[in-house]
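*Asks:* Here's a structure for you.
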Amino acid sequence: MAEHIKKEEIELQRSFIYKIKEINARYTNINGHPMKANTETYGCQQNENDTERIRGMLKEAGFDFCDDANDADVVVYNTCAVRENAEQKVFGRLGILKHIKESRPDMLIGICGCMVQQEHITEQIKKVHNHVDLIFGTHALYKFPELLYNAMVKNNKKSIVDITDSDGAIAEEIPILRDYSQKAWVSVMYGCNNFCSYCIVPYVRGRERSRDSKDIIAEIENLVANGCTEISLLGQNVNSYGKDLEENINFAKLLRMVNDIKGVERIRFMTSHPKDLSDELIDAMAECEKVCKQLHLPVQAGSNKVLSDMNRKYTKEDYLEKIKKVKEKIPNISLSTDIIVGFPTETNEDFLETIDVLKKVEYDNIFSFIYSRREGTPAAKLDFVLSEEEIHNNFNKLLEVQNEISKRKNDEYVGRIEKVLVDGVSKNNENTLSGRLESSKVVNFVGSEDLVGKYVDVRITEAHTWSLNGEIVK
Ligand code: SAH
Ligand code: SF4
Ligand code: F3S
């Protein structure tokens, strides 16, 4: 069974929240407003969910929030290590923060998350960016109040660092401030045991550990009681859910339990590893009426040699067989995937196998990445077969093939009437609302802001490659 952080430790952290709150009260007396915090998130939904916890703790400690680091008393960046460009962005931002801090030395800068869970990065930050006050890894998230308090009261320039990865125990009952009220991420498990040869996640997130189902259900019931209707269950490999628990449970069973919760309207989940996608789960998806008919199933590559070098533990044929089963049992399912182009051992011929998978599966959309070398992973030792230019050409070819498929898939929606959960006002046009279909496709349409958070019927009028346009059906 997954270990839990002890109640006393959670209580201790709570006491630090109160201490910060007192500092904040004194600050408010002098300045007329509480201290302001600015947070930024890089990486995946797991990180988004972690940032919601950080904001929850900050809010309980009396902070207001601001969008601009220039106005902030505390800045926290929650970082990602999955590709080099994610790390470069953070280093770039740290450079900018250095200038801001020069004019406002009292400002506190915290860096947390996957990137700093790597020792060589933390050393680099300490050496080059000594204006960072606080560095804490993914395992120390629950200790944020204590670390922040210590940073607030310290009277030297040394940064406070906690990147231990010894425990990996699950912390329940950390405060949370969610980004949306109508939809929510709920982590069902943490970590990953798969060790795909290119991937840093198992090193920075630790081994797989599942939350107790009663804690997950209680969290969802509480969300529903507060008006939330769409639940996205999160884990690096949700199909492994429950393997480490004493209770007789797996992800398919959990899905059915969530489906039975009154008030939940939509259930999504990510991510599934193809090797673990069981018939039982496909059946549960098909039979649970609230589970969205949508599946994200990362294939990564089409060549069996590359898949083996990636340590993915399935072949192209296994994968296509699973997709066939899914399509048979769940007609009209919307499919998406992750693809890596330019894995070191990938040849041009191997790459064509990936294109073949795209053509055979016909995904609604894909998330494609150029391979990025991650220090400490087995693939980092491999030599490249293709040149950078060849890899970029393949990447562009991949997008070209998929864009045509995505557009064609979206065209099929024109004329249909679809139930849409309204997310908010469109990023591109303030008179337009934006929402998601069951398939997770984005649709833009004219409507009033009071519809945000509600479900409306929308007739799809126009298809683009990445989104749809529509009109509300009266
Ligand atoms: N656990 C999830 C997501 C992991 S990270 C899964 O297995 O699907 C999200 C995606 O980033 C991966 O699916 C992979 O496509 C990509 N990725 C991971 N490591 C990478 C690397 N070193 N270079 C490029 N892309 C990478
Ligand atoms: Fe990384 Fe593979 Fe785990 Fe996904 S399943 S997080 S790609 S090691
Ligand atoms: Fe990045 Fe960490 Fe997620 S490395 S993809 S933020 S688990």
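The values are calculated or read from the model by the stated rules, or taken from the named source; none is laboratory data. Quick caveat: nothing in here was measured; it's all calculated off a predicted structure. A quick note on method: Cβ atoms are made from the backbone with ideal geometry, for glycine too, and the neighbour counts reach across all protein chains shown. To get the accessible areas, we keep the full protein, side chains included, count just its heavy atoms, and leave off ligands, DNA and RNA. Shrake-Rupley method; radii C 1.70, N 1.55, O 1.52, S 1.80 Å.
*Asks:* Tell me, what ³J(HN,Hα) does each residue in segment 61-73 have, in order and in whole Hz, if you take phi through Karplus 6.51 cos²θ - 1.76 cosθ + 1.60 with θ = phi - 60° and put x for Gly and Pro?
*Replies:* 7, x, 6, 8, 10, 9, 8, 10, 4, 4, 9, 8, 8
*Asks:* Turning to a different aspect of this structure: Please give the FRET efficiency for Glu328 paired with Phe91, using the beta carbon to beta carbon distance and R0 = 45 Å, rounded to the nearest 0.05.
*Replies:* E between Glu328 and Phe91, to the nearest 0.05, is 0.40.
*Asks:* Name the residue farthest towards the positive end of the dipole of segment 7-162 from the options Tyr142, Gly43, Leu12, assuming +1 on Cβ of Lys and Arg, -1 on Cβ of Asp and Glu, about the Cα centre.
*Replies:* Leu12
*Asks:* Using only the Cα atoms, what convex hull volume per residue in Å³ does segment 183-411 have?
*Replies:* 124 Å³
*Asks:* Beyond 25 Å, what percent of the Cα pairs of segment 7-162 remain? Each step should come with its number before you reach the end.
*Replies:* Numbers: 2813 of 12090 pairs.
Result: 23 percent of Cα pairs exceed 25 Å.
*Asks:* May I pose another question? Please get the size of the charge dipole for the chain, origin at its Cα centre, with Cβ charges of +1 on Lys and Arg and -1 on Asp and Glu, quoted in debye to the nearest 20.
*Replies:* 400 debye
*Asks:* With the convex hull built on the Cα atoms of segment 55-126, state its orientation-averaged projected area in nm².
*Replies:* With the hull built on Cα positions only, its mean projection is 5.3 nm².
*Asks:* Could you list which residues have their amide H under 5 Å from that of Tyr241, counting only those 5 or more apart in sequence or on another chain, with H placed in the peptide plane?
*Replies:* Phe251
*Asks:* Hull surface divided by four, with the convex hull built on the Cα atoms of segment 180-319: how many nm²?
*Replies:* Over every viewing direction, the Cα hull of segment 180-319 projects on average to 8.7 nm².
*Asks:* Among Lys59/Lys214; Lys127/Lys381; Lys89/Lys360; Lys262/Lys407; Lys329/Lys427, which pairs are too far apart, with a Cα-Cα distance over 32 Å?
*Replies:* Lys89/Lys360; Lys262/Lys407; Lys329/Lys427
*Asks:* Could you pull out every Cys in the chain that lacks a partner Cys with its beta carbon under 4.7 Å away?
*Replies:* Lacking a cysteine Cβ partner under 4.7 Å: Cys44, Cys66, Cys80, Cys112, Cys114, Cys192, Cys228, Cys288, Cys292.
*Asks:* Separate question: So if I take the centroid of the Cα atoms in segment 395-430 and the same for segment 28-62, what is the distance between those two points in Å?
*Replies:* 33 Å
*Asks:* Another question, then. Output the peptides 49-59, 326-336, 148-158 sorted from most to least packed, where packing is the average of other Cβ atoms within 10 Å over each peptide's residues. Before the final figure, lay out the partial values.
*Replies:* Numbers: 49-59: 21.9, 326-336: 15.8, 148-158: 13.9.
Descending mean neighbour count gives 49-59, 326-336, 148-158.
*Asks:* Where the convex hull is taken over the Cα atoms of segment 1-98, what is its projected area averaged over directions, in nm²?
*Replies:* Working: hull surface 32.4 nm².
The Cα convex hull of segment 1-98, projected and averaged over all directions, gives 8.1 nm².
*Asks:* Please tell me which of these pairs span more than 26 angstrom C-alpha to C-alpha: Lys7/Lys290; Lys36/Lys157; Lys101/Lys154?
*Replies:* Violating the 26 Å Cα-Cα cut-off are Lys7/Lys290.
*Asks:* Report in % the part of the accessible area of segment 417-472 that belongs to carbon and sulfur, leaving out ligands and nucleic acids; probe 1.4 Å.
*Replies:* Looking at segment 417-472 in its full context, I get 43 percent from C and S.
*Asks:* Let me ask something additional. Roughly how many debye, to the nearest 20, is the charge dipole of segment 145-256 about its Cα centre, given +1 on each Lys and Arg Cβ, -1 on each Asp and Glu Cβ, and no other charges?
*Replies:* The calculation lands at about 380 debye.
*Asks:* Something else now. Taking the Cα centre of each part, how many Å lie between segment 273-299 and segment 135-154?
*Replies:* With segment 273-299 and segment 135-154 each reduced to a Cα centre, they are spaced 38 Å.
*Asks:* Ranked highest first by average number of other Cβ atoms within 10 Å, how do 294-300, 417-423 line up? Display every interim value, and only then the final one.
*Replies:* On the way: 294-300: 22.3, 417-423: 19.1.
Going from most to least packed, we get 294-300, 417-423.
*Asks:* Which number do you get for Rg(Cα) / (2.2 N^0.38 Å) in segment 417-472?
*Replies:* 0.95
*Asks:* If I compute solvent accessible area with a 1.4 Å probe over the protein chains, what percent of it on segment 183-411 is carbon and sulfur?
*Replies:* 49 percent
*Asks:* Only helical DSSP H runs with n ≥ 4 go in: add -39500 (n - 2.57) per run for the chain, normalise by residue count and round the 222 nm mean residue ellipticity to 500 deg cm²/dmol.
*Replies:* That comes out to -12000 deg cm²/dmol.
*Asks:* Which value, in debye to the nearest 20, describes the size of the charge dipole of segment 23-131 about its Cα centre when Lys and Arg Cβ atoms bear +1, Asp and Glu Cβ atoms bear -1, and nothing else is charged?
*Replies:* The calculation lands at about 220 debye.
*Asks:* Report, to two decimal places, the Cα Rg of the chain normalised by 2.2 N^0.38 Å (N = number of residues).
*Replies:* Values: Rg = 23.1 Å, N = 474, 2.2 N^0.38 = 22.9 Å.
Dividing the Cα radius of gyration by 2.2 N^0.38 Å gives 1.01.
*Asks:* If you don't mind, another one. Find the accessible area per residue for the chain; the probe is 1.4 Å, ligands and nucleic acids are left out, and the unit is Å².
*Replies:* 45 Å²
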